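**Q** My questions all concern the structure below.
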Amino acid sequence: MAPRNALPHHARSASVPGIRGVATVTSALVMRAPAHVVYAFLSRLPNHGLITGRRLRLESVTADGMGARIAMRGPLGIRRTARTCVTDLHPPRGFGGTAAVGRRTEAYVQWTIERAGTGSLVTLTATIFRAGALDRLLLTLGGRRWLARSFDRALVLLAVAMESALDTGEPCARMAG
């Protein structure tokens, strides 16, 4: 279970060095698991299916395990699909990569894992550096808030998965896939 005093927070001013974005969404949560345990879980993309829900859903993972297809379901029946590709690995501090939505929208998505006492501060950031007209409109009309809430939910589900791994002693590498 996620620590009660460590609620997710947003920081729209967060940025990825070297990338100037159309929009940036960040959510962070402190969890009890150490960085290497969190990294072991997150670095296996099939595990992301355990931390998604109705809003964001892992549809598939590429054969090499370095890319995925994520379905996004928004209000009013709005649906978008992101194709992701891991491009940066920094064990056990995190990893990142690109996400493409349609032909005109691209983002850099990064998981950062920092030591926080005996646990970890896990941050999920998406910097949208190019957006097509539809996605720009959706971001303006509440898409940024929707994405931030979706990130919050993913981090809470990650904390629950980490608690389960710590309580059962189940290696994260075997949790999914």
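Each value in this text was obtained by applying a stated rule to the coordinates, not by laboratory testing. What you are looking at is a predicted structure, and each value in this text was computed from that prediction instead of being measured. Positions of Cβ are generated from backbone atoms using ideal geometry, with glycine treated the same way; all protein chains shown enter the neighbour counts.
**Q** When you have a sec, figure out the Kirkwood radius of the range 9-166 from all distinct Cα pair distances and drop it here in Å to one decimal?
**A** This gives a value of 15.7 Å.
**Q** If you filter the range 27-94 for trypsin sites (Lys or Arg not before Pro), then keep DSSP loop positions with at most 11 other Cβ within 10 Å, what is left?
**A** Here the trypsin sites (Lys or Arg not before Pro) that fit, given the DSSP loop and packing criteria, are Arg54.
**Q** Separate question: List residues of the range 102-129, by number, whose backbone nitrogen lies under 20 Å from a label position 7 Å along Cα→C-beta of Arg80.
**A** Answer for this model: 102-111, 124-129.
**Q** Let me ask you something else. So what J values fall out for the range 90-97 if you push phi through Karplus, 6.51 cos²θ - 1.76 cosθ + 1.60 with θ = phi - 60°, rounded to Hz, Gly and Pro as x?
**A** Per-residue couplings from phi come out as 9, x, x, 8, x, 7, x, x Hz.
**Q** Moving on. Between the alpha-carbon centers of the range 21-53 and the range 58-92, tell me the distance in whole angstrom.
**A** 13 Å
**Q** May I ask for the net charge around Ala107, where only other residues with Cβ less than 10 Å from the Cβ of Ala107 are counted and Lys, Arg are +1 while Asp, Glu are -1?
**A** -1
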